[in-house]
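J.: For reference, the structure I am asking about is given below.
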Amino acid sequence: MKKIIKTVSLILTVLIATATCGCSKESGNIIKDTSDVFYENGKTEYVALISDNATDNEIFAADELKELFKKATGTEIKTVRESNLKTGDRYISLGKTDELTKSDIKTGNQELGLSGYRIETKGKNVYIFGDDDNESEGVVFGVYKFLNAIAGYVYYSDRNIYFDVPDKIMLKNFNVTDVPDFNRRYVNTLSANV
């Protein structure tokens, strides 16, 4: 009887692990360090770059990057509109920017959906973007993945946010595309005023 229980338990464990691990179609996933420093001694040269006509989701993504990086390191990443970008600035491009267009990174027809995203490093800059749709939330989820890769960011709840930040963070060589199986990564539960 014990052998049967162990066998059934093992089968159930394998089935549950298989079902929970197949939650999205992530491809690329090459996240290796480059030789460039992203953060060291409480300083970063990087800015969050958004378009002069940024969408609400792109602005929110920049705010999340700024706030969460500051919580993790004590250092603020400034948000810069494209018209204020200085030559030589290192940046994390968020959403549809002119710099993204100039980069020659493939952006169209990737079928990222509402919550999918792409993160790619080109030169000394990082590009995070979602689908071409203005309602795409992908850029926000891309920022969370970016923070996870550089600062060990994990969100459990509003009161339980985890970071694992080394003293020196190297720029990562991102080549990540993530398309969730479901169009939205969350369930919107609205409470009715009864």
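J.: First compute the accessible area of the stretch 59-153 with a 1.4 Å probe, then give the percent of it belonging to carbon and sulfur atoms.
T.: C and S fraction of accessible area: 42 percent.
J.: Excluding residues on the same chain fewer than 8 positions from K102, give the aspartates and glutamates whose Cα lies under 17 Å from its Cα.
T.: D52, E82, D89, E120, D132
J.: Could you order the peptides 138-144, 123-129 from most to least packed, using the average number of other C-beta atoms within 10 Å per residue?
T.: 138-144, 123-129
J.: By the gyration tensor of its Cα atoms, with a ≥ b ≥ c the square roots of the eigenvalues, what is the shape of the stretch 39-82: rounded for a/c under 1.5, prolate for a/b over b/c, or oblate?
T.: Because a/c hits 1.5 or more and a/b fails to exceed b/c, the stretch 39-82 counts as oblate.
J.: Students often get this wrong, so check it: of K70/K168; K32/K70; K32/K66; K66/K96, which have C-alpha atoms separated by over 21 Å?
T.: Listed pairs above 21 Å: K32/K70; K32/K66.
J.: Can I ask one more? Ranked highest first by average number of other Cβ atoms within 10 Å, how do 55-64, 98-107 line up?
T.: Output ranking for 55-64, 98-107: 55-64, 98-107.
J.: Then there is this: Can you list the aspartates and glutamates whose alpha carbon sits under 14 Å from that of K43, skipping same-chain ones fewer than 8 residues off?
T.: E76, D167
The values are calculated or read from the model by the stated rules, or taken from the named source; none is laboratory data. The structure displayed is predicted, hence computed values, not measured ones. Positions of Cβ are generated from backbone atoms using ideal geometry, with glycine treated the same way; all protein chains shown enter the neighbour counts. These area figures cover heavy atoms from the full protein model, side chains too; ligands, DNA and RNA do not enter into them. Shrake-Rupley method; radii C 1.70, N 1.55, O 1.52, S 1.80 Å.
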